[in-house]
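> There's a structure below that I have some questions on.
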Amino acid sequence: MNSSSPDRTLNDLADLVAEQFSDYRHSEEFNELSLVIDNSDREHPSLIVHIDGQQSADLAERVDAFLRDHGARTERERHDDTDIRILATLE
């Protein structure tokens, strides 16, 4: 299999997250939830879900559970009470 398959799967996962949590993503406003696919490690790319806002802890719990329910392995980085990143990888 070529190296683009994991990227495609992460893209699919990112699309699912964007759809499920669309209320937190606004095209012309501050986004409480942002998505980035990090390909710096070509063998193990990751989806980074950045959550920022007053309800970030609750939203992070919901996003984390959603990602795990869809087969992702997750790890959290908390930068302060309103700034949380969830790193998701697929095997």
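Where a number appears in this text, it was derived from the coordinates with a stated rule and is not lab data. Here the structure is a predicted model, which means the values were calculated and not measured. A quick note on method: Cβ atoms are made from the backbone with ideal geometry, for glycine too, and the neighbour counts reach across all protein chains shown.
> Mind giving me the nanometre distance, one decimal, between the label points for Ala57 and Asp69, set 7 Å out from Cα along Cα→Cβ?
Inter-label distance under the simple model: 2.2 nm.
> From the convex hull of the Cα coordinates of region 4-89, what is the mean projected area in square nanometres?
In nm², the orientation-averaged hull projection of region 4-89 is 5.5.
> Among Asn11, Asn31, Asn39, which one shows the biggest mean-square fluctuation in a GNM of the chain, springs joining Cα atoms closer than 10 Å?
The residue that fluctuates most here is Asn39.
> Kindly identify region 11-57 as rounded, prolate or oblate by the Cα gyration tensor criterion: order the square roots of the eigenvalues as a ≥ b ≥ c, call it rounded if a/c is under 1.5, otherwise compare a/b with b/c, prolate if a/b is larger, else oblate.
It is prolate, given that a/c is not under 1.5 and a/b is the larger ratio.
> Let me ask another. To the nearest 10 degrees, how steeply does helix 4-20 sit against the main Cα axis of the chain, on a 0 to 90 scale?
20
> Counting each DSSP H run of 4 or more residues in the chain as -39500 (n - 2.57), what helix-only mean residue ellipticity at 222 nm follows after dividing by all residues, to the nearest 500 deg cm²/dmol?
-11000 deg cm²/dmol
> Then there is this: Tell me the angle of helix 56-69 to the major Cα principal axis of the chain, expressed in degrees between 0 and 90 and rounded to the nearest ten.
Helix 56-69 sits at roughly 30 degrees to that axis.
> Magnitude of the Cβ-charge dipole of region 50-91, K/R +1 and D/E -1, about the Cα centre, nearest 20 debye?
160
> Where in region 57-91 is the amide nitrogen less than 17 Å from a point lying 7 Å along the Cα-to-Cβ axis of Asp38?
Under 17 Å, as judged by backbone N against the label point of Asp38, lie 64, 72-80, 83-91 of region 57-91.
> Calculate, for Gln20 and Glu91, the FRET efficiency according to 1/(1 + (r/R0)^6) with r their C-beta to C-beta distance and R0 30 Å; round to the nearest 0.05.
0.90
> Give a quick list of trypsin sites (Lys or Arg not before Pro) in region 17-91 that DSSP marks as loop, anything other than H, G, I, E or B, with at most 11 other Cβ atoms within 10 Å.
Within region 17-91, the qualifying trypsin sites (Lys or Arg not before Pro) (loop, at most 11 other Cβ atoms within 10 Å) are Arg42.
> Name the GluC sites (Glu not before Pro) in region 23-78 that are in a loop by DSSP and that have at most 11 other C-beta atoms within 10 Å, would you?
Glu28, Glu29, Glu43
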